[in-house]
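Data first, discussion second: the structure below is written as C-alpha cells.
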Amino acid sequence: MHLSSICSFLPAFINCLFFNVFCLESDFSLKGDYLLGGLFALHEVQHATPLSSPEAIQCLRYTFSKSGYQMLQVMRFAIEEINNSTTLLPNVSLGYEIFDHCTDSKNFHSVFSFISNNGLIKSKEKLNNYQPKVIALTGPYGSTSTIAIAPLITMDLIPLVNYGASSYALSNKRMYPSFIRTIPSNKDLIEMIIHIIRWFGWNWVAFLGSQDDYSSDGLNLFKKYIRNTGICLAYQEAFNQRANYSLTLKKMDMLNINVIVVFAVPRYASNIIKAAIANNIRDKVWIASETWAMNQQLPREPGIGKIGTVIGITERLLTLPGFDEFIYKHRRTIKAYSTDSDIQSESKTCNQDCDYCTSLNAEEIINENPTFSFAIYAAIYTIAHALHNVLQCDMNEYHKNITVKPYMLLEQIKKLEFQLNGRRMKYDDNGDPNISFAVTLWNTETNPPRFEMVGKYDTYPEITFTINNSRLPWHNNGPVPFSNCSVECKEGFSREPNGYHSCCFLCKKCPRNSYVNYSWDPYTCSPCAESEWSDEGSTTCKNRSVVYLEVTEILSIIVMASATCLILLLIAIFCLFAHNYNTPVVKSAGGSMCFLMLACLIMSTISVFFFFGKPSSVFCILRNVAFAFFFTIFLSCMAVRSFQIVCVFKIAAKFPNIHSIWVKHNGQWLFVGFFSVIHLISCILWMTVSTCEMGNTATVSVVVFIVWFLGFLCLLFSYMGRDLPKNYNEAKSITFSLILYNMCWIVYFTAFLILKSKYIQLVNAMTQLSSIYGILFSYFIPKCYIIIFQPQKNTAAYFQTSIQNYTQTISRT
C-alpha cells in the first residue's frame with residue numbers, strides 16, 4: 001500500500017472511530033461481563049463508487065433499512081432474554097457492540113474495533129495471549145459482505161456466527177476455520193429449489209440473479225446439481241446496476257419459459273418483479289430464494305397477482321415468543337427519552353447512529369420481513385451455550401477464574417446440540433445447521449397479503465419433503481403450469497434429440513420387437529431378447545410362449561413316416577451289402593467302410609424324430625449334434641473312399657512309396673478318426689454355449705466349416721476321378737448329392753434368419769431328410785440296382801474288363 005493511501009485512510013478511520021454523535025446507548029452498545037459483536041445493515045448503499053484509496057464511510061447518509069433495524073432488535077432481544085435467564089449463563093451478563101454495516105468494502109473500521117484490544121491490533125499474537133474486544137460476533141448480512149471481512153476475523157479463530165451469508169464457499173474450513181452459520185448454505189437452498197421443480201415435473205427453467213457472490217454461487221451450484229436430473233437451464237442472467245430487465249423478460253417469453261428462479265438479493269429481486277409487472281408478464285411461476293421470499297413490500301405492488309404464482313423458500317417460520325412485547329417496551333422507552341430533555345446520550349463512534357430509527361413505531365418493526373429473525377436469535381443463543389460450557393456453569397454459578405478465549409468458544413460450538421423453541425440446533429463439520437425449510441405461497445388476493453406455508457423440507461430426524469398440492473391455487477385456478485421444452489412422449493415412444501438441450505426432443509414410436517425404458521434410457525428403442533417379443537410402441541417385452549411341433553400334427557406325421565421309410569430302406573441296403581459283401585460292387589462302394597457310412601446315415605435319420613414334441617436339452621442334443629456328428633463321419637468316409645480310388649488309378653504308379661505307407665498304416669481309418677474327433681470337440685463346444693439354440697457365431701462356424709470342407713474334398717477327388725472306369729467313376733453321383741445337400745442347407749439357414757415360428761424346426765427336419773435321401777438315391781440305390789437287377793455287372797471279370805479298357809485308353813493318349 002502506498003504511503004499516501006495510508007495517510008488518507010488513517011485520519012478518516014480515526015475520525016470515524018472517535019467522532020461524537022448522539023444515539024441511545026441501548027441500541028448499539030451494552031456493557032457486560034463478555035462482549036459480543038453485531039453487524040447489521042441499517043442503511044443500504046445502492047450504488048458503490050470505486051475509490052482509488054481506502055476511505056471509511058458514514059452509513060447515516062444512505063437509504064435507511066427497516067429490515068436491518070429489526071434484525072438489530074432481534075439480537076438485543078436475545079441478549080436481554082439470556083441475561084434474564086437463571087439456567088443459561090447464571091450470574092453472567094452479556095454485553096454487545098453493534099455497528100451499521102451498509103457496504104461491502106468500506107466498513108472495515110467496525111471489524112478493526114472488534115478484533116482490537118484497547119484500540120490496538122497486534123499481529124502474530126499467540127491464541128493463548130490474544131484477547132480481542134469481543135469473544136464472538138454475528139453478521140453481517142449477505143455473502144459478499146461476509147466474504148470481505150471473514151478473513152480478518154477467522155484467522156484468529158474468533159467465532160463468526162453468521163445469520164445471513166449462504167455462499168457455499170464459506171463452508172470451506174481451510175479458508176474460514178471459525179465461520180459458523182445458522183441458515184442453510186446455498187447448496188441446501190439449490191437442492192430445495194430442484195426438489196420443487198422436479199415435484200411438479202418442470203424441466204424448462206430460467207435462473208436470474210445479480211453480479212455478486214450470492215447469486216454466482218447459487219448459479220454454479222444449480223448447474224452442478226441439475227446434471228442427470230432432466231432439468232434444462234433454458235436461460236440465465238446476472239443483472240448489474242445498468243441491467244435491461246425488459247429485454248431479459250422478453251427473451252424468456254420468446255423461449256416459452258414459465259418457471260423462473262430468482263436467486264438474487266432483495267434489491268435486484270424487487271427490480272425483476274416490478275419490471276415483470278410493468279412489462280405485463282403473465283402467468284409465470286416465480287421461485288423466490290430466501291433473501292426475498294418474505295419480502296413485505298412486493299406482495300403489495302399493484303398488478304402483482306397478474307404475473308403468476310410466487311413460491312418462496314425460507315427457513316421454517318418460527319415465532320420468537322416475547323419479541324413483540326420487547327419491541328413495544330423499547331418503543332415506549334424511546335418515546336420517553338425523546339421527550340425528556342434532561343437526559344443526554346453518550347457519544348459513540350460513527351456507524352452507531354440512526355436518525356430515522358426513533359421515528360419507527362412498534363408495528364413497523366414487528367411486521368418487517370422475519371426471514372432472518374430466528375437465524376439471528378439462534379446465533380446469539382449458540383454463542384451463549386458455548387460460553388456456558390466454557391465457563392462450566394451449573395444452575396447457580398460459574399467458574400470465574402476461567403479466562404475465556406475466542407478459540408475456546410469455537411471448540412464448544414462444534415460440539416453443541418441444544419433445543420431452541422422446539423428446534424434442534426446442531427452444526428456439521430462445515431459449520432452448517434440442520435435443514436428446516438418451508439415452502440411458502442404468496443397469497444396476494446387478501447388484504448394484507450399473506451404468506452401461506454404449502455410445503456416443508458427437513459433433514460432431521462430424517463429427510464422429508466412434501467408439498468400440499470391442494471393448497472396451491474395456480475393461475476385462474478387452472479392445472480399445474482406447463483414449463484417443459486417438449487411435451488412428454490406417449491408411452492412406447494422414444495425421444496429423438498432436437499437441439500442443444502437434452503429436454504428438447506421429438507418423439508419416435510418404437511418398432512415391433514423393441515421397447516423403450518424411460519428410467520434407463522428414454523432416447524433408445526432397445527431390441528427385445530431372442531426369447532421375448534413386443535408390439536409396436538411398447539415399454540416392455542413379453543416372454544414368447546413356447547410353441548413346438550406336436551407329434552400328432554399332420555406335417556409331423558408325414559415327416560416321421562418319411563424318416564421311418566428312409567431308415568427301413570437304409571437297413572435293407574445294409575443287409576443287402578452284407579449279403580453281397582465279397583462282390584466287386586460292394587467293395588467299390590467302400591468295402592467294410594460302406595457299412596460305417598450306412599450306419600451313420602441311419603443314426604442321422606433317427607435324429608429327425610427328436611424335432612417333434614416338447615423340446616428339452618436332451619432332444620436338442622440328439623437332433624442337432626447327432627445329425628452333425630454322424631453326417632460328418634459319413635462325409636469323411638465318402639472323401640477318403642474317393643481319394644483311395646484316385647490314389648489306386650493315378651497316384652500309386654507315380655508315387656508308390658506314398659501309396660504303400662497309406663495302405664500299411666490304414667490311412668483311410670486314420671483320416672476318418674481324425675475328423676471324427678475334431679468334429680466331436682466342436683460339437684461339445686457348440687452345446688456348451690447353447691443347448692437349444694444355434695450357439696454363437698464362432699462355434700456354429702467351426703461345425704459348418706468342417707462339414708463343408710469334407711464336402712469340398714469329396715467334390716475335388718470325384719472330379720479328379722471323372723475319367724476313371726465307369727464302375728469306379730462316382731463324379732456325377734457325388735456332385736449331385738452334395739449340390740442337393742448344399743442347396744437344402746442354404747434354404748434352411750435363409751429360413752432360419754427370416755422365419756420365427758415353430759415350423760422352422762420342420763424345415764430343419766426336412767433339410768436333414770433331403771440331404772440323406774439325396775445321397776441314398778445318387779450313391780447307394782444305383783449300386784443296389786446292379787446287385788439285384790444286373791448281377792452280370794457284379795462280377796470280377798466285368799470289373800477287370802472295365803479296368804483293361806481304361807488302361808488301353810490311357811495308353812493311347
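The values are calculated or read from the model by the stated rules, or taken from the named source; none is laboratory data. For clarity, every value in this text was computed on a predicted model and none was experimentally measured. Positions of Cβ are generated from backbone atoms using ideal geometry, with glycine treated the same way; all protein chains shown enter the neighbour counts. Ligands, DNA and RNA are excluded from the accessible area calculation, which covers all protein heavy atoms including side chains. Shrake-Rupley method; radii C 1.70, N 1.55, O 1.52, S 1.80 Å.
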Answer from Phe451, Phe437 - the residue that is of a type in the set (A, V, I, L, M, F, W, C) and open to solvent by 10 Å² or more (accessible area, probe 1.4 Å): Phe451
Top-ranked residue in segment 578-593 [being free of Cβ contacts under 8 Å to residues at least 60 places away in the same chain and within 16 Å of Ile788 (Cβ to Cβ); ranked as most open to solvent (accessible area, probe 1.4 Å)]: His579
Sole residue being surrounded by fewer than 24 Cβ atoms within 10 Å (Cβ to Cβ) and within 19 Å of Met425 (Cα to Cα), chosen from Ser166, Ser171: Ser171
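So which strands (runs of 3 or more DSSP E) are wholly in segment 176-248 and hold at least 3 residues that are under 22 Å from Ile467 (Cα atoms)?
204-210
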Any pair with Cβ under 9 angstrom, 6 or more apart, that starts in segment 660-689 at a residue that is surrounded by 15 or more Cβ atoms within 10 Å (Cβ to Cβ) and ends at one that is charged (D, E, K, R): Gln668/Arg641
Tyr515 being among the aromatic types (Phe, Trp, Tyr), crowded, with 17+ Cβ neighbours inside 10 Å and under 27 Å from the mean Cα position of the chain (by Cα): yes
Test: Gly774 is of a type in the set (Gly, Ala, Ser), at pLDDT 85 or above, open to solvent by less than 70 Å² (accessible area, probe 1.4 Å) and touching a Ser or Thr at 6+ places or on another chain (Cβ under 8 Å): yes
Residue list for segment 577-589, restricted to those being part of a loop (DSSP other than H, G, I, E, B) and either farther than 14 Å from Pro782 by Cα or basic (Lys, Arg) (or both): Asn580, Tyr581, Asn582, Thr583
Options Glu315, Glu346; residue that is acidic (Asp, Glu), more than 49 Å from the chain's Cα centre (by Cα) and either buried (at least 17 other Cβ atoms within 10 Å of the Cβ) or modelled with pLDDT under 95 (or both): Glu346
Hits in segment 525-562 - residues which are open to solvent by 80 Å² or more (accessible area, probe 1.4 Å), assigned to a loop (DSSP other than H, G, I, E, B) and closer than 25 Å to Pro497 by Cβ: Glu536, Thr540
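Given the criteria part of a loop (DSSP other than H, G, I, E, B) and out of contact with any Asp or Glu (no Cβ under 6 Å at 6 or more places or on another chain), does Phe465 qualify?
Answer is no for this residue.
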Selection count where residues are assigned to a helix (DSSP H, G or I) and modelled with pLDDT under 85, scope segment 594-625: 9
Single residue of Asn256, Asn280 found to be within 28 Å of the chain's Cα centre (by Cα) and not hydrophobic (A, V, I, L, M, F, W, C): Asn256
Residue check, Asp100 crowded, with 20+ Cβ neighbours inside 10 Å and among the acidic types (Asp, Glu): yes
Hey, Leu255 within 18 Å of Asn484 (Cα to Cα) and either loosely packed, with under 14 Cβ neighbours inside 10 Å or of a type in the set (D, E, K, R) (or both) or not: yes
Meets criteria (aliphatic (A, V, I, L, M), assigned to a helix (DSSP H, G or I) and open to solvent by less than 10 Å² (accessible area, probe 1.4 Å)) for Ile158: no
Complete set of residues in segment 83-95 that are touching a Ser or Thr at 6+ places or on another chain (Cβ under 8 Å) and open to solvent by 10 Å² or more (accessible area, probe 1.4 Å): Asn83
Residue in segment 87-110 that is within 53 Å of the chain's Cα centre (by Cα), at pLDDT below 90 and of a type in the set (A, V, I, L, M, F, W, C) present: yes
Those residues of segment 120-149 which are among the small types (Gly, Ala, Ser), surrounded by fewer than 21 Cβ atoms within 10 Å (Cβ to Cβ) and either outside any loop (DSSP other than H, G, I, E, B) or touching a helix residue (DSSP H, G or I) at 6+ places or on another chain (Cβ under 8 Å) (or both), in sequence order: Ala148
